[in-house]
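Step one of this worksheet: look at the structure below.
The values are calculated or read from the model by the stated rules, or taken from the named source; none is laboratory data. Model, not experiment: these values are computed from the prediction. In this analysis, Cβ positions are derived from the backbone assuming ideal geometry, glycine residues included, and neighbour counts consider all displayed protein chains.
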Amino acid sequence: MTKYEWVKQEIESVLSEGPCEDRSDLDKFLEAVRNEGESLTRHGFFELIERHRPEDEDERDYFDYEFLDDHFYPEALDAAWSSPPPAKLPQVEVACSYKGKPLPSSFCQIGGEFKGIQSDSVPICKDCDTDMALLVQFATKDLDTGKEFPDLKGFKLFDAGNINVFRCPSCQTHEVTTDCY
């Protein structure tokens with residue numbers, strides 16, 4: 001099965017779950033996938049989704065691209081794209097403190113398994129289409145910036161969230177992501 005055939009099959013399965021009266025934008029997206037052919041990378045696939053998303057989804061009966069985003073996550077693409085499993089760096093134990101007071105053990109993680117809040121999917125390298133590895137993660141959920149560590153408010157991501165730095169094991173590029181509750 002080609003990448004185009006697989007994408008079309010998956011979209012038809014998504015469409016079977018709800019009506020879509022205006023398919024023009026979706027048909028343009030499928031045509032773009034067909035034009036890319038077998039050279040389409042996983043990263044390029046997600047870029048196509050963004051490029052073909054209607055500007056004003058709420059006011060017309062367009063295909064629900066938010067639903068498509070949820071349906072196509074990096075691991076789901078393994079059916080059409082052959083890619084090695086994500087690389088993991090060894091996890092280094094870290095004990096952080098500020099002004100002599102220990103910070104929560106969850107505050108900093110170096111290497112190891114990525115634990116996201118919304119999803120455990122790692123980014124795909126834009127340059128070589130390889131799954132990236134977690135280099136470092138700052139998790140601010142358990143950081144009390146009220147009484148205990150007021151000077152560390154700059155580390156807090158919204159009310160609780162993670163700042164993640166990933167590294168491509170193939171070409172050594174880096175990507176910073178955030179996720180929160």
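So the values come out like this:
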| read-out | value |
| --- | --- |
| Filter result (touching a Cys at 6+ places or on another chain (Cβ under 9 Å) and not in a loop (DSSP other than H, G, I, E, B)) within region 132-166 | A133, V136, Q137, F138, A139, G161, N162, F166 |
| Given (1) modelled with pLDDT of 65 or more; (2) closer than 20 Å to L15 by Cα; (3) hydrophobic (A, V, I, L, M, F, W, C), index of the condition L40 fails | (2) |
| Residue within region 60-70 that is surrounded by 12 or more Cβ atoms within 10 Å (Cβ to Cβ) and at pLDDT 75 or above present | no |
| Checking S82 against (1) surrounded by 15 or more Cβ atoms within 10 Å (Cβ to Cβ); (2) in a loop (DSSP other than H, G, I, E, B); (3) at pLDDT 70 or above, the condition it does not meet | (1) |
| Residue that is modelled with the highest pLDDT, among those in region 90-116 that are among the aliphatic types (A, V, I, L, M) and exposed (fewer than 15 other Cβ atoms within 10 Å of the Cβ) | V92 |
| Residues satisfying the stated conditions in region 157-181, i.e. modelled with pLDDT under 80 and crowded, with 16+ Cβ neighbours inside 10 Å | L157 |
| Neighbours by Cβ (under 6 Å, 6+ apart or cross-chain): first from region 117-143, farther than 24 Å from R42 by Cα and free of Cβ contacts under 8 Å to residues at least 12 places away in the same chain; second of a type outside the set (A, V, I, L, M, F, W, C) and crowded, with 18+ Cβ neighbours inside 10 Å | none |
